[in-house]
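Here's the structure, in structure tokens; my notes come after.
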Amino acid sequence: EVESLKKPFTPPREVHLQVLHSMPPQKIEIFKSMEDWAEQNLLPHLKDVEKSWQPQDFLPDPASDGFEDQVKELRERARELPDDYFVVLVGDMITEEALPTYQTMLNTLDGVRDETGASPTSWAVWTRAWTAEENRHGDLLNKYLYLSGRVDMRQIEKTIQYLIGSGMDPRTENNPYLGFIYTSFQERATFVSHGNTARQAKEHGDLKLAQICGTIAADEKRHETAYTKIVEKLLEIDPDGTVVAFADMMRKKISMPAHLMYDGRDDNLFDNFSQQVKFESQDPKNILYPILSQVLPKLEP
């Protein structure tokens with residue numbers, strides 16, 4: 001069942017009616033009991049800020065005398081890339097720029113949300129630090145696309161504003177079982193998509209852009225590993241509940257984070273975009289099978 005929303009500042013769209021807080025209250029204790037586990041097994045997948053890459057590491061330096069020449073070289077490389085490639089790259093960037101929505105989604109999950117905005121719990125620390133790492137992805141791609149001169153930046157910026165205003169409809173029901181299964185798939189899909197753009201940039205001779213996309217893909221892979229570890233641990237602690245949650249998300253058919261993308265004109269922008277691009281990241285062998293191969297061996301025969 002779906003609900004049609006037609007209100008100011010949100011595009012016409014359909015959002016599924018959801019059950020709220022579907023996890024039995026007693027299971028919140030499972031996640032409280034996992035605090036030490038999360039500190040020891042989740043937080044190590046984060047990188048120290050001082051050792052992390054930053055967008056400026058890959059872009060022309062505006063403080064240098066050679067800035068204009070560096071931008072010219074970037075644009076010359078970008079001219080060799082086909083329009084279809086930029087459709088995918090723009091889609092990836094818009095998805096990354098809706099990061100406020102994804103942090104909001106994680107903070108809807110019972111038992112793991114950041115209750116204060118600066119909670120010291122391992123779950124809250126993870127959510128904030130994960131968000132901080134992901135924030136660099138949209139920053140880097142946005143600046144690259146701006147400098148490339150190949151895209152309509154104002155239209156892209158409108159689309160980002162619409163998307164963040166629209167939110168997302170992951171159908172996770174405030175349930176961390178469903179939420180962490182969702183994030184495992186979402187991170188896998190973004191890893192595959194950024195990996196594809198890295199490979200294609202290299203094929204077209206833009207090694208710098210290939211490095212940009214490959215670096216982002218590596219982050220997504222690291223985050224996928226972390227979220228998949230949570231699902232594996234839940235299978236160990238509560239196999240029945242986790243399998244039921246997994247089946248529930250499979251029945252619902254996981255929607256990608258930017259599925260409510262809208263540009264002020266096309267109500268079905270994401271569907272049309274997906275059909276045009278034919279993402280390899282939507283292929284089950286690239287998303288579903290790798291995750292199943294990691295989590296199912298955790299089940300006792």
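The values are calculated or read from the model by the stated rules, or taken from the named source; none is laboratory data. All figures in this text were calculated on a predicted structure; none of them were measured in a lab. Please note: Cβ atoms are built from the backbone with ideal geometry, for glycine as well, and neighbour counts cover all protein chains shown.
Annotations for the structure displayed:
- Residue that is nearest to the chain's Cα centre (by Cα), among those in region 144-169 that are of a type outside the set (D, E, K, R) and part of a loop (DSSP other than H, G, I, E, B): 168
Yes or no, residue by residue, for (1) within 28 Å of residue 203 (Cβ to Cβ); (2) aromatic (Phe, Trp, Tyr); (3) within 27 Å of the chain's Cα centre (by Cα):
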site: 45; (1), (2), (3): no, no, yes
site: 50; (1), (2), (3): no, no, yes
site: 53; (1), (2), (3): yes, yes, yes
site: 60; (1), (2), (3): yes, no, yes
site: 64; (1), (2), (3): no, no, no
site: 75; (1), (2), (3): yes, no, no
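Yes or no, residue by residue, for (1) in contact with a Phe, Trp or Tyr (Cβ under 8 Å, 6 or more places away or on another chain); (2) buried (at least 20 other Cβ atoms within 10 Å of the Cβ); (3) under 17 Å from residue 96 (Cβ atoms); (4) in contact (Cβ under 8 Å) with a residue 60 or more places away in the chain:
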residue: 154; (1), (2), (3), (4): no, no, no, no
residue: 161; (1), (2), (3), (4): no, no, yes, no
residue: 165; (1), (2), (3), (4): yes, no, yes, yes
residue: 168; (1), (2), (3), (4): yes, yes, yes, yes
residue: 179; (1), (2), (3), (4): no, yes, no, yes
residue: 187; (1), (2), (3), (4): yes, yes, yes, no
residue: 194; (1), (2), (3), (4): no, yes, yes, yes
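Results for (1) crowded, with 19+ Cβ neighbours inside 10 Å; (2) part of a loop (DSSP other than H, G, I, E, B); (3) among the basic types (Lys, Arg), shown as yes or no for each residue.
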site: 15; (1), (2), (3): no, no, no
site: 18; (1), (2), (3): no, yes, no
site: 30; (1), (2), (3): no, no, no
site: 56; (1), (2), (3): no, no, no
site: 61; (1), (2), (3): no, yes, no
site: 65; (1), (2), (3): no, yes, no
site: 85; (1), (2), (3): yes, no, no
site: 94; (1), (2), (3): yes, no, no
site: 102; (1), (2), (3): yes, no, no
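- Any hit, region 190-207, residues being part of a helix (DSSP H, G or I), among the charged types (D, E, K, R) and under 17 Å from the mean Cα position of the chain (by Cα): no
- Failed item, numbered, when residue 80 is tested on (1) part of a helix (DSSP H, G or I); (2) at pLDDT 95 or above; (3) among the acidic types (Asp, Glu); (4) more than 21 Å from residue 127 (Cβ to Cβ): (1)
- Of all residues making up region 237-289, the number that are surrounded by 14 or more Cβ atoms within 10 Å (Cβ to Cβ), outside any loop (DSSP other than H, G, I, E, B), modelled with pLDDT of 65 or more and not hydrophobic (A, V, I, L, M, F, W, C): 5
- Flag for residue 115 being assigned to a helix (DSSP H, G or I) and either over 24 Å from residue 162 (Cα atoms) or among the acidic types (Asp, Glu) (or both): no
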